[in-house]
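Step one of this worksheet: look at the structure below.
The values are calculated or read from the model by the stated rules, or taken from the named source; none is laboratory data. In this text the structure is predicted, and so the values were computed from the model without any measurement. Here Cβ is always computed from backbone atoms with ideal geometry, including for glycine, and neighbour counts include all displayed protein chains. Areas reflect the complete protein model, heavy atoms only, side chains present, ligands, DNA and RNA absent. Shrake-Rupley method; radii C 1.70, N 1.55, O 1.52, S 1.80 Å.
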Amino acid sequence: MKNSLLYKRLLSVGFLLLVLAACADASSSEGDEGSSDEDEGELQESKLITNWFAQPEHGGNYAALEQGMYEDEGLDMEIEPGGPQVSTTQMVAAGEADFGYTQGEDILNARNKGIPLVAIGAIFQESPYVFISHADAGVEDFDDLSGKTVITAPGVGYWEYIKEDFDLEGVEEISYTGELSKFIDNPDAVTQGYVTSEPHVLDKEGVETNALPIHDSGFQPYSNVIFTTEKMIEENPEKVQEFMDATLSGWEYYRENSEDVQSFLQEYNPDLTEELMTYGAEAQEELIFGGEAEEHGFGYMSEERWSTLQEQMLELEIITNEEDPSNYYTTEFLSLEE
């Protein structure tokens, strides 16, 4: 009788242990499921490197960062300002950043060296680059640059094109550093600059100027081109799409609310003034949202423009390799209208 009672008690204890074990497994399973959901909600780290110190020309990306648009798309985004000694193409190619800003010609230069970069959008439909001269220097067209001191980046595509196409002679070339004193002190000098910035800065210095848009020379690459690598597009297209979706939203926000982003831009570039940022936002409006972007949408790029640029650079012997444009640009990550 005692053995029978003991046996029953052992069975009860065993059953209780089984129940407790099952509960523990269920609790553990629920915890694992919670961890899985948590992992899925983690943000992907990403970095964009711009082509200069923070400016209104980068306003949409900073707006997307400040307004949490990258985070909404699942990205823990960092924006690193560029500068005169920074090569965005090399940094992106080396994997130090996922995305970068550069000029259209730099994409072709990189690919000519075997660096597989791909343009995925163009901030500027028309280049903001201008040649700035003193108002009384008599520089009304590109032919008038003969005999002048021209301050520009050495070997840059538009300058090689202008020298060749307009048969310039007697030009003294000085490397551009972003500093304007050499231009201000020399009434015969001409300097490269952005229409969104330098004309305003010089006006505040009391220097009257004229500006020749580089776009009018016939050399017309897209500017502030957003790019990444072939590897990124092949291995993580979702990340590219998330980045571009947030960037588009940021530029739409900046277009209507640029003054709200000014203090955030100043955190990255304390030298910016509210007056300069307001001037820049207004000056770039048509260059970004006008032209073909007005018809097709923000960031638009056409095969015709890219093909023409490649032909011009081949003729100038800046590059030697000819490629199908679909190798070095794509619009698949843009929200375009037909």
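General observations
- Equivalent ellipsoid dimensions for region 63-114 as semi-axes, Å, which come from the Cα gyration tensor, largest first: 25, 12, 10
- Kirkwood radius for region 169-272, taken over all pairs of different Cα atoms as the inverse mean of 1/r, rounds to 17.8 Å.
- Semi-axes of the equivalent ellipsoid for region 245-301, Cα gyration tensor, largest first, Å: 23, 13, 8
- For region 72-169, trypsin sites (Lys or Arg not before Pro) are listed when DSSP marks them as loop and at most 14 other Cβ atoms sit within 10 Å of their Cβ; the list is K113.
- Listed peptides 71-80, 238-247 appear in the order 238-247, 71-80 once ranked by packing, highest mean of other Cβ atoms within 10 Å at the front.
- Sulfur and carbon atoms: percent of accessible area, the chain [1.4 Å]: 44 percent
- Judged by the gyration tensor of its Cα atoms, with axes a ≥ b ≥ c, region 86-234 is prolate; a/c meets the 1.5 cut and a/b is the larger of a/b and b/c.
- Environment charge of S223, counting only residues whose C-beta is closer than 12 Å and scoring Lys/Arg +1, Asp/Glu -1: -3
- Histogram of C-alpha separations across region 272-338, 5 Å bin width, %: 3, 15, 16, 16, 14, 15, 12, 7, 2
- Heavy-atom accessible surface of R305, to the nearest 10 Å², is about 40 Å², with a 1.4 Å probe and all protein chains retained.
- Diffusion coefficient, µm² s⁻¹, Stokes-Einstein with Kirkwood Rh over alpha-carbon pairs of the chain at 37 °C and 0.692 mPa s: 145 µm²/s
- Of the chymotrypsin sites (Phe, Trp or Tyr not before Pro) found in region 93-179, those in coil by DSSP whose Cβ has at most 16 other Cβ atoms within 10 Å are F166.
- The orientation-averaged projected area of the convex hull spanned by the Cα atoms of region 121-204 comes to 6.0 nm².
- Heavy-atom accessible area per residue - the chain, 1.4 Å, Å²: 51 Å²
- Antiparallel DSSP beta bridges within the chain, percent to nearest 5: 55 percent
- When the pairs K47/K182; K163/K231; K163/K204; K113/K148; K113/K163 are compared against a 28 Å limit on Cα-Cα distance, K47/K182; K163/K231; K163/K204; K113/K148 fall above it.
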